[in-house]
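What follows is a short report on a single structure.
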Amino acid sequence: MDYGHSERPAVALPTAIKILVAGGFGVGKTTMVGAVSETRPLRTEEVLTESGVGIDDLSGVEAKQTTTVAMDFGRITISDDLVLYLFGTPGQDRFWFVWDELALGAIGAVVLADTRRLADCFPSIDYFEGRGTPFLVAVNCFEGARTYRLDEVQAALNLDPEVPVLLCDARNRESAKEVLITLVEHAMKIRDARRRAD
């Protein structure tokens, strides 16, 4: 006897790809996630207070007034069966306990770099190298910052020649998308190489 219930066709869920956006304090992580997210990004920003004096190094980013205390989150639908989820990590050392949770299941990471404070991205690079997570370095082009050739940045950061280094404007959607596309291609290339080696 039919009670009006019909079998619903199975709906295939889209494949989710998780990407981290990391880097030093004030490098543009929140800006990049916001620039590319198709939804209003989740932000966990708080106003910088006197409590951070002597803890947060504002040299080079003196105008910064807020900081991410947990993560930024955004989403990009590539197609019906593919969705990118972006997680912007907090930049200060005191919030690093969040990183291990955020990194679970990530296919790769964007390490944003600011040539005025290039050393600030070393902890992110060390973290992803230590975990074996594919990453690239995207040099965020700030107005007034000295420009360097990409090979100079690669040498200064002592990166493996296979690690992509590119220029970007974290405020610009197309520029940020190009960074993400390059990362996904890089991560897939590494995954395929690892499979062949097994």
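Rank these by accessible area, largest first, 1.4 Å probe: 79, 37.
Details: 79 45, 37 15 Å².
Per-residue accessible area, sorted high to low, gives 79, 37.
How large is the Kirkwood hydrodynamic radius of segment 98-198, counting all unique pairs of alpha carbons, in Å?
Kirkwood radius, segment 98-198: 14.3 Å.
By its C-alpha gyration tensor, with a ≥ b ≥ c as the square roots of the eigenvalues, how is segment 73-147 shaped: rounded for a/c under 1.5, else prolate for a/b larger than b/c, else oblate?
Oblate is the answer for segment 73-147, as a/c is 1.5 or above yet b/c matches or exceeds a/b.
Measure off 7 Å from each Cα along the Cα-to-Cβ vector at residue 156 and residue 39, then give the distance between these two points in nanometres to one decimal.
With each label placed 7 Å out from Cα toward Cβ, I get 3.7 nm.
The values are calculated or read from the model by the stated rules, or taken from the named source; none is laboratory data. Here the structure is a predicted model, which means the values were calculated and not measured. All Cβ positions, even for glycine, are placed from backbone atoms using ideal geometry, and neighbour counts span all protein chains on display. Please note that ligands, DNA and RNA were not included when accessible areas were found on the heavy atoms of the full protein model with its side chains. Shrake-Rupley method; radii C 1.70, N 1.55, O 1.52, S 1.80 Å.
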